[in-house]
Each structure stands twice: as C-alpha cells, then as structure tokens.
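Working notes, beginning with the structure itself.
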Amino acid sequence: MDEMNAMLEPGMIVRHPDCPEWGLGQVQSNIGGRITVNFREAGKKVIEGSHVCLLPVFDVGQ
C-alpha cells in the first residue's frame, strides 16, 4: 500500500476506500507514510499509509 500512497502529493484529490461518506479529500501532506487529508465531509484526517490505500481522483467533475 505504501507504494501507491507514495505518489500522493499536496493538492491531489483522493477518496478513502472504507469511508465513502467522508467525500472527496485534498492531500495536505505526505510525510513518512502518514498522509494528512482534508475531507469535505469529515475534516482533517491523518491516514497511516501502511494500512489504507487512498484512491486518487483525477476527474472531480465540478
């Protein structure tokens, strides 16, 4: 999972695969496998990249 998350950079839009109710999130930082994301519906969350593979969103459609 770390390999997929390693490409995430600040400003990228992602979804959490297990928490779709959080909506889209914007990556704030990605340091040492800990990814801080500001989700529209859930606020700021720190994700442990070794446990969750965030899904990049390339076509936000808005």
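Looking only at segment 4-28, which residues are part of a loop (DSSP other than H, G, I, E, B) and exposed (fewer than 14 other Cβ atoms within 10 Å of the Cβ)? Answer for segment 4-28, where residues must be part of a loop (DSSP other than H, G, I, E, B) and exposed (fewer than 14 other Cβ atoms within 10 Å of the Cβ): Met7, Glu9, Pro10, Gly11, Pro17, Asp18, Gly23. With respect to the conditions (1) modelled with pLDDT under 95; (2) surrounded by fewer than 13 Cβ atoms within 10 Å (Cβ to Cβ), Met1 falls short on a single one, namely (2). As a summary of the residue check, Val57 satisfies the conditions (1) touching a Ser or Thr at 6+ places or on another chain (Cβ under 7 Å); (2) surrounded by fewer than 16 Cβ atoms within 10 Å (Cβ to Cβ); (3) among the β-branched types (Val, Ile, Thr) except for the one numbered (1). In segment 33-62, the residues that are among the basic types (Lys, Arg) reach residues that are assigned to a loop (DSSP other than H, G, I, E, B) and surrounded by 16 or more Cβ atoms within 10 Å (Cβ to Cβ) with C-beta atoms within less than 7 angstrom, at least six apart or across chains, in these pairs: Arg34/Gly49; Arg40/Leu24.
Of the residues making up segment 29-44, those that are part of a strand (DSSP E or B) and loosely packed, with under 14 Cβ neighbours inside 10 Å are Ser29, Ile31, Arg34, Asn38, Gly43, Lys44.
The values are calculated or read from the model by the stated rules, or taken from the named source; none is laboratory data. All of these numbers come straight from a predicted model, not from anything done at the bench. Methodologically, a virtual Cβ is constructed for each residue, glycine included, from the backbone with ideal geometry; neighbour enumeration extends over all protein chains shown.
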